[in-house]
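Novice: The structure's right below; bear with me while I get my questions together.
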Amino acid sequence: MPRPRRILGVVARQMFLYRRSVSRLLDLFYWPTMDLLLWGFLTLYLERGALHLPRFVSFFLGALILWHILYRSQLAVSVSFLEDIWSRNLLNVLVAPITLTEYLLGLVVISLIKVGLAFGIMTTLSVLFYGFNLLKLGAVLFPLVVNLLALGWAIGFVTIGFIFRFGQEAEILAWALIFVFLPLSAVFYPVEVLPVWLKPFSLLTPSAHVFEGMREVITRGTLPWKHLLLAGLLNLVYLSLGLAFLKRQYQYARRMGLIPKIGE
């Protein structure tokens, strides 16, 4: 049974890194702000300019904020793990009286904190600058966000598994792997615009159903039960496979004596 005190210890260790690190704080606040301003002004131009395209602010800003939830949840788990590698602290953590499950739960809590901060910043700025409030989606926003968090964690677990197997050579996946899902997720466009051969792959990603569901809420005002159900079921599969992959690679790294070499 995971012990909350150990999980909070992992969280506290990560939070201490941000107390006097300007670069980490900038990464936490700068990119969400710049992305929102850039895409927000672009969508205003498209909506109010010569193209006269309706609902661009709602579609683009809503999609951008939700995409950042997915991206940040994955990145927080992966980079928090890498922090222990970069500081040569991973071996200390793994020989401490803490289980792998407790350690991963600590990383998940860290991701919730970071995602919450980014979501708060982007939602506030979207209201102030563009008059768009994502919270107006209502109660349906909660399952949309939960599904994105779950997918982000699943991708993060797979990334950690690759790092256990291949060492720091695989750390680029912490930033790259999530973008494999960007074109398939139909973030800024509906699934129907994808090539016929690519649509089945898109519909097998939970994020595609989340963004399709968001557009359904905005355009029709109805609850996208079908998309929410499919996203939830797919996330159960993704999380199970991600955790199984991580555990398998962790056991392989222990058996082959690779863990002390990670980061050297």
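The values are calculated or read from the model by the stated rules, or taken from the named source; none is laboratory data. All values derive from a computational prediction rather than experimental measurement. Positions of Cβ are backbone-derived with ideal geometry, glycine not excepted, and every protein chain shown enters the neighbour counts. Accessible surface is based on the protein model in full, side chains and every heavy atom, while ligands, DNA and RNA are left aside. Shrake-Rupley method; radii C 1.70, N 1.55, O 1.52, S 1.80 Å.
Novice: Give me a comma-separated list of calculated 3J(HN,Hα) values for region 222-234, in order, Karplus coefficients 6.51, -1.76, 1.60 applied at θ = phi - 60°, integers in Hz, x for any Gly or Pro.
Specialist: Result, rounded to whole Hz: 9, 7, x, 4, 4, 5, 5, 5, 5, 4, x, 5, 5.
Novice: Any chance you could check the Cα centroid distance between region 139-202 and region 245-262 for me, in angstrom?
Specialist: Taking the Cα centre of region 245-262 as reference, the centre of region 139-202 is 24 Å away.
Novice: Another question about this same structure. With +1 on the Cβ of every Lys and Arg and -1 on the Cβ of every Asp and Glu, and nothing else charged, how large is the dipole of the chain about its Cα centre, in debye rounded to the nearest 20?
Specialist: Details: 23 positive and 12 negative charges, 136 e Å.
Roughly 660 debye for the chain.
Novice: Checking the cross-link filter: which lysines have an alpha carbon closer than 25 Å to that of LYS226, excluding same-chain neighbours under 8 positions apart?
Specialist: LYS136, LYS199
Novice: Most fluctuating residue of VAL146, VAL217, VAL193 in a GNM of the chain with Cα springs under 10 Å: which is it?
Specialist: VAL193
Novice: So, one more: Keeping all protein chains in place, calculate the accessible area per residue for the chain (probe 1.4 angstrom), answer in Å². Provide the component values of the computation, followed by the final result.
Specialist: Details: 13530 Å² over 264 residues.
Computed with neighbouring chains in place, this is 51 Å² per residue.
Novice: When all protein chains stay in place, what accessible area (Å², nearest 10, 1.4 Å probe) is found for PHE166?
Specialist: 120 Å²
Novice: Could you give log10 I(q)/I(0) at q = 0.12, 0.13, 0.15, 0.16 Å⁻¹ for the chain, computed by the Debye formula over C-alpha point scatterers of equal weight, without solvent?
Specialist: Normalising to I(0) and taking log10 leaves -0.76, -0.87, -1.11, -1.23.
Novice: Tell me, what is the 1.4 Å probe accessible area of VAL158, in Å² to the nearest 10?
Specialist: Accessible area, nearest 10 Å²: 40 Å².
Novice: Can you give me the % of accessible surface on the chain that is carbon or sulfur? Probe 1.4 Å, all protein chains present, nothing else counted. Please report the intermediate quantities before stating the final value.
Specialist: Values: 9290 of 13530 Å².
Carbon-and-sulfur percentage of accessible area, whole number: 69.
Novice: Tell me which of VAL11, ALA96, GLY40 sits at the most positive position along the dipole axis of the chain, charges placed on C-beta atoms (Lys, Arg +1; Asp, Glu -1).
Specialist: Value computed over the given set: ALA96.
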